Amino acid sequence: MSWKQTYERWVNAPFLDEELQDLLNEMEGNEKALEDCFYKNLEFGTGGMRGEIGVGTNRMNVYTVRKASEGLARFIELYGEDAKKRGVAIAYDSRHKSPEFAMEAAKTLATHGIQTYVFEELRPTPELSFAVRELNAFSGIVVTASHNPPEYNGYKVYGEDGGQLPPKEADMVIEKVNEVENELEIIVESEEALKAKGLIRMIGAEMDEKYVERLKTISVNPELATEMGEELKIVFTPLHGTSNKPVRQALQALGYTNVTVVTEQELPDPNFSTVKSPNPEEHEAFELAIRYGQEIDADLLVATDPDADRLGIAVKDLEGEYTVLTGNQTGALFLEYLLSQKKEKGVLPANGVVLKTIVTSEIGRAIAKAYGLDTIDTLTGFKFIGEKIKEYETTGQYVFQFGYEESYGYLIGDFVRDKDAVQASIFGVEVAAYYKKRGMTLYEGLMEVFEKYGFYREGLKSLTLKGKDGAEQIAALLTSFRNDSPAAFGEYAVAISEDYKTSIRTEDGKTEDILLPKSNVLKYYLEDGSWVCLRPSGTEPKVKFYFGVKGTSLADSQQKLEQVSAAFMEKVNDSLLKKA
């Protein structure tokens, strides 16, 4: 069916949502805009779906949410009445249409006789993961677009372990979603009728209390709060998202009381009006927090993204200026503290394991090795870390200790099976308290870690290429690198190449299999030990380029990083120009 035929189907729909009908009327005659709205179905991938809010099959709206939920309902029905009774927990963030989309998902599922549990107001993504496990639900949904711009929303599906669906189950849901031929014909019962039947139940405070109680268990040295809880000065911003209440409740419960909240960013705001991007990876997001920090001479600045699965922290550097740590640097600090303290207390298991992604710093492997632990790499995406936790829980091969990814995602306690910025916030406060007790800033603690393991440095660049044309450019770029594998980037010769789509690793002309799920990712290890990686984003219209080096000092590693990234991006630009 052509996009025009799909468009006509919507135009002629007898009961189209009034707001969407108005949008269609406004766009009449604008063929380019209409084509982008209707040329494809909003892709439901292994992580769910994400897209701009609006009218059409390629947008987030009540009908595409119903279609996704209809597919999930059909998937659940494959597992029988018990799965339907166990049901689905549903949470949502502070974005435009999030409450409406969450209830629309609940109504679609409940119309199939599937029990649903809907949070009464916005909640962090990790609390949804916790709730799935606590309720023994069969599945979970979070309506969120994480840190995307305000015009976006999304829909993520979770399995019964509280982790995002692994590839096999995700493919089954995708198949069921794709079986739905006409999203406009899905019939749902009213919210009132389904609540009266008990198929939609609202949840809230009781689950919050259970979550906070479990959050308290991740503290390695709870006595630090007694000693430093009033002295340690913390500035916290939820960046207009979902973490305001749980982070403050958990810190209070542990005994960290000197917390100043960034007032302008405290309350939910779907427009994220005080920031260019509500993403703690972006240093600009800390602008207000830094002002607050300067006013009160704060030890630590903490920021979480809107759905509270990513954490960023800023600390004073050696010149007394606040600097935002990278996800890799924060992960290194967390890991060194966690393992050193567990070893000191005699509670570090011999078969403990650290889980990280293929684009996360190698310093994590070095730290784990120093404490006798193995490090396992996964594909990018925390669902793969969650999948490994479940596997080792079943086999007993390893005992999970810590999981993280470079994009500011961390997990300490496995009562949640997704990255958890609420956990990470309170853990980061404890690490800061530990160093402050030693008379050190967190930045000085990081330098101590570097002195011990080496000056690792990582970088990330990306190209945003929107729409149909952009998707084609990204695909062509990956194909170009795959078909003409580079022998060098500038003066840096390639020693090893890895193609995760073909699952082949090549070194000195010899190949071996990569024992990970297939993914459209390319990674190159250079002769000096540096590495580069390119992968399309699974949630945004962009392609990302990752870099990692190890130097003899901060300056040396920074210089090497700049040289490697510049040489690589030159190759990228050459490839794009050839395809233009």
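The values are calculated or read from the model by the stated rules, or taken from the named source; none is laboratory data. Computed from a prediction, not measured in an experiment: that's the story for all the values here. Using ideal geometry, Cβ is built from the backbone for each residue, glycine included, and neighbour counts are taken over all protein chains shown. Side chains included, ligands, DNA and RNA excluded: accessible areas come from the protein's heavy atoms. Shrake-Rupley method; radii C 1.70, N 1.55, O 1.52, S 1.80 Å.
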Problem set entry | Per DSSP, loop chymotrypsin sites (Phe, Trp or Tyr not before Pro) in region 31-109 with at most 16 further Cβ within 10 Å | Tyr79
For this session: Output the Cα-based Rg and Dmax of region 26-131 in Å, rounding Rg to one decimal and Dmax to a whole number.
Result: 15.3, 50
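I need the calculated FRET efficiency for the pair Glu223 and Asp82, taking r as the beta carbon distance and R₀ as 45 Å, to the nearest 0.05. Walk me through the intermediate numbers first.
Values: r = 45 Å, r/R0 = 1.00.
FRET efficiency, Glu223 to Asp82: 0.50.
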Seminar exercise, completed: Checking region 223-299 for trypsin sites (Lys or Arg not before Pro) in a loop per DSSP with at most 12 other beta-carbon atoms within 10 Å yields Lys276
Seminar exercise, completed: Whole-percent carbon and sulfur contribution to the accessible surface of region 379-465 (1.4 Å, no ligands, DNA or RNA) stands at 46 percent
For this session: Starting from the Cα of Met1, step 7 Å along the direction of its Cβ; do the same at Glu18; then give the gap between the two resulting points in nm.
Result: 2.6 nm
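For Lys452 and Gln397 in one chain, what is 0.36 nm times their gap in residues minus the Cα-Cα distance, to one decimal in nm? All intermediate terms of the calculation are to be shown ahead of the outcome.
Details: separation 55, 0.36 × 55 = 19.80 nm, distance 2.89 nm.
Gain in length upon complete extension: 16.9 nm.
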Problem set entry | Low-density loop cleavage sites - trypsin sites (Lys or Arg not before Pro) in region 441-525, where at most 15 other Cβ are within 10 Å (DSSP) | Lys466, Lys501, Lys518
Problem set entry | Kirkwood hydrodynamic radius over Cα pairs of region 407-455, then Stokes diffusion coefficient at 10 °C and 1.306 mPa s, in µm²/s | 131 µm²/s
Seminar exercise, completed: Among Lys233/Lys356; Lys32/Lys468; Lys356/Lys523; Lys67/Lys176, the pairs whose Cα-Cα distance exceeds 20 Å are Lys233/Lys356
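Counting DSSP beta bridges with both partners in region 268-425, what percentage is antiparallel, nearest 5? Provide the component values of the computation, followed by the final result.
Values: 10 of 20 bridges.
About 50 percent, rounded to the nearest 5.
From the C-alpha coordinates alone, can you work out the Kirkwood hydrodynamic radius of region 162-296, in Å?
19.2 Å
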For this session: Report the calculated FRET efficiency for Ser462 and Gln563 (r = Cβ-Cβ distance, R0 = 22 Å), to the nearest 0.05.
Result: 0.70
Seminar exercise, completed: Restricting to aspartates and glutamates and to Cα separations under 13 Å from Lys452, and discarding same-chain partners fewer than 8 apart, the set is Glu336, Glu444
Exercise. Fully extended, how many nm does the chain gain between Asn271 and Lys32 (0.36 nm per residue separation, minus their Cα-Cα distance)?
Worked result: 83.4 nm
For this session: Could you grab the relative contact order for the chain? Cα pairs under 8 Å, six or more apart, rounded to a whole percent.
Result: 11 percent
Seminar exercise, completed: Scalar couplings 3J(HN,Hα) for region 313-328 by Karplus 6.51 cos²θ - 1.76 cosθ + 1.60 (θ = phi - 60°), nearest whole Hz, x for Gly and Pro, are 10, 10, 9, 6, 7, 5, 8, x, 9, 6, 10, 7, 6, 6, x, 5
Exercise. For Lys85, which lysines qualify as cross-link partners when the Cα separation must be under 18 Å and same-chain residues fewer than eight apart are set aside?
Worked result: Lys107, Lys195, Lys197
Problem set entry | Of all accessible heavy-atom area on region 96-138, the percent that carbon and sulfur account for (1.4 Å) | 42 percent
Exercise. What percentages, rounded to whole numbers, describe P(r) for region 269-324 computed over all alpha carbon pairs with 5 Å bin width beginning at zero?
Worked result: 4, 21, 29, 24, 14, 6, 1, 0
Seminar exercise, completed: Calculating Kirkwood radius over Cα pairs in Å from this structure picks out, from (1) 29.4; (2) 27.3; (3) 24.8, entry (3)
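Determine the percent antiparallel among the DSSP beta bridges restricted to the chain, to the nearest 5. Write out the running numbers ahead of the final one.
Working: 54 of 84 bridges.
Among the beta bridges of the chain, antiparallel pairing accounts for roughly 65 percent.
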Problem set entry | Too-long pairs where the Cα-Cα distance tops 29 Å, listed order kept, from Lys276/Lys316; Lys40/Lys84; Lys210/Lys390; Lys84/Lys388 | Lys40/Lys84
For this session: Could you check the simple spin-label distance between Ala193 and Arg482, using points 7 Å along Cα→Cβ, in nm with one decimal?
Result: 4.7 nm
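For the chain, what is the accessible area per residue in Å² when the probe is 1.4 Å?
Working: 23640 Å² over 580 residues.
For the chain, the per-residue accessible area is 41 Å².
Of all the accessible heavy-atom surface of region 480-536, with the other protein chains kept in place and a 1.4 Å probe, what percent is carbon and sulfur? Write down the numbers at each step before the final one.
Working: 1380 of 3000 Å².
Percent of accessible area from carbon and sulfur atoms in region 480-536: 46.
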